[in-house]
Structure formats: C-alpha cells, structure tokens
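Take a look at the structure set out below.
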Amino acid sequence: MAIQLRKSYKFAFWSSLSITVSLTGLFITFLVYKDQIDWLFVILFSLVCLVVSFTIIQIRVERFIYRRVKKIYDDVSLLESSSFSSRAVTTDMKTLTQEIEKFAQGKKIEIDTLKIQEEYRKDFLGNVSHELKTPLFTVQGYILTLLDGAMNDKKIREKYLNRANKGVERLIYIVKDLDLITKLEVGELKLEREDFNVLELIQNVFDLLEMKAAQKDIMLTFDMEYEPIYVNADREKIQQVISNLLVNSIKYGHANGTTEVSVENLIKNKVIIRVTDNGYGIPEQHIPRLFERFYRVDQSGSRNEGGSGLGLSIVKHIIEAHDEKIYVESEEGVGSEFSFTLEKAANNPA
C-alpha cells in the first residue's frame, strides 16, 4: 500500500508544484505591477496554493484511477476468475499489470487445455465410431444376406450365423473394455488386494498365451531363474495387465522373436516388472499417445491384428489405480520395453 501512496503522491506533488510555480509567478508579476510586493505574503500564497493543489489533484487522481481500475476488475470478474476478482482493488499500475498478465497466462493455459481436450474428444468419438461400425456392419451384412434367402441353405446359414456371432462377440469385447476403463476412472471398480507370487502369475499367463505365441514362433520366457517374489496387489487385474502387454508384444513382434519378462528390486518395498521384446519397435512420435483409448501406431486404421484398441489404456488405468507407475521405452527396428512397479508383500521372503 505504501508503494501505491508514494507513486500517487509523487504525481500529485509535482503537478501541484508546477501549478504553484506558475500561479506564484503570475501573482508576483501582478504585485510588481501594482508596486505592492510583500514577500511574506507571496510565500504564504505559494504554500496555500501548493497544499490546495496537492490535495485536489491527489483526491481527483485517486478517484479517477480507482473508478477505471474498478471497471477492469468488474470486467474480469465476468470471466468468473475467483483468484483475480477476490483480491482488493489496487490502483498501482505495475501491480495491476502483473496481476492481469498472470490472469491472462492462466486463461491461455485453460484455453490450450480445452483445445487439447476437444481434439482428444473428436479423436475418441471418431475411433469409437470406427471400432463399433466395423463389426456392426459385418453382422448386419450377414443377417441381411440370410434374410434375402440364404437361410434356406443349411451350410450357408450355419457359416453366416457363426460369422455374425463373432462380430457380436467383438462388440461385447469392446463394450466390456470401455466399461472397465470407465469404472477405473471414476473409482467404482474396487481393487481386491492380496499377497501372491508374481512369478507364478506370469508363468500362468505364459501358459495361457503359449499357442498364440507359437503361431508366430515367438518365445515367452523369463530373463533368468527366480526365487518366489510376492507382491501386494489385485491378482486378477495384474494378470490382465501382464496378459495385455504380452499379447501386444506377440501381435507386433517379429516371427521367431522373443518376449522376455524380468522382475527386479527397485527400492526397499517396490519391484519393477519389465516386458521386453525384439519386435518392430514404436516410432518416437507415437510414444506419448500410446495409452490413449483406441490409439494405434498404425494410422492406416488397419485392424488385422484384432483387439479393441483399449488394451494399453486399461493397463495404464489398472496400474494407476494401484498408485503405481508404468513406463515405456522403444526404438524403431530394435524392440520395446514396457515396465511397471508393484508394492512388495510385507512378508516377502526375497
């Protein structure tokens, strides 16, 4: 407040001094002309003129600036900026400028964020539409063909009904994944934490995916032999995480390749699980968006590899629901590594 008063007083003082000097000069000229000059009277006149001028200017300037600055605050408050409008009105221009610049910067960040969210929303809706319409049109095509008379042929009827059923199963798969992500985001899906041997869980996933990996001659293996390592987490959800990561490595891995899993101590109460492959790798520009819903590195929209396009998004949400972190490193033509942390069980023998 002292800075505000000094600046306004300085302006008022120099303005009133200019007026006083001008009026005193005119007053002395008048007295000399009348040959009635009295220097004591001149000094008193100057002091009175200075005080009166200073007071009037100070009051008027303060009110003038306050009214206009108050209007700025009122206009800004229309934008519902509680952090700005809740402050006391200042008539100090430097402080006001800093506040407005800070306010404008905050609004710019908000606008940029909204633009990003709008682009994400458009991409999301477009991807949902694309993912759903493909199986829908497929199912519709088979049903219309049957209605047009193909149902009279038993072999064709059975074949088309089986294909339509696969399309429906894909729709159910997508909807279930979307429902799971939504529940994870809003916190409706409760984690059932328990202590379990994570190496045993990983081996179970290896066994479940053995045939899928064999189709591309990809070997699923640990990087070394381990003693049992116990973690505290939701066993079913972590199995889904590991399964999704391994399925991805199989889909986008080289034939005759290898997908290797390692489990390492990170800090006293944490382990980090790494899933590493020697597949095609991921171009650097795609890595920041890998965990978005329906985002695919293959921008052509090809769905030859199947899946809902939600696998990595589900992985990220499950890991974050455990208050843990997930990481990705990849080099095109060399391979990829996905890793995530888990909390060790309290009675972990390792």
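Read-outs: derived from the displayed coordinates by stated rules, not from any lab. All of these numbers come straight from a predicted model, not from anything done at the bench. Cβ: placed from backbone, ideal geometry, glycine included. Neighbour counts: every protein chain shown.
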- request: Extending each Cα 7 Å along its Cβ direction at Lys251 and Glu343, get the distance between those two points in nm, one decimal.
  value: 3.1
- request: Please list 202-208, 336-342 highest first by mean number of surrounding beta-carbon atoms within 10 Å per residue.
  value: 336-342, 202-208
task: Give a quick list of GluC sites (Glu not before Pro) in region 188-234 that DSSP marks as loop, anything other than H, G, I, E or B, with at most 15 other Cβ atoms within 10 Å.
output: Glu188, Glu192, Glu225
message: If each residue of separation counts as 0.36 nm, what is the full-extension length gain between Ala214 and Leu31 once their alpha-carbon separation is subtracted?
response: 54.3 nm
query: What is the magnitude of the charge dipole of region 122-204 about its Cα centre, with +1 placed on the Cβ of each Lys and Arg, -1 on the Cβ of each Asp and Glu, and no other charges, expressed in debye to the nearest 20?
result: 600
message: Can you compute the FRET efficiency between Thr221 and Val168 using 1/(1 + (r/R0)^6), with r the Cβ-Cβ distance and R0 = 30 Å? Round to the nearest 0.05.
response: 0.25
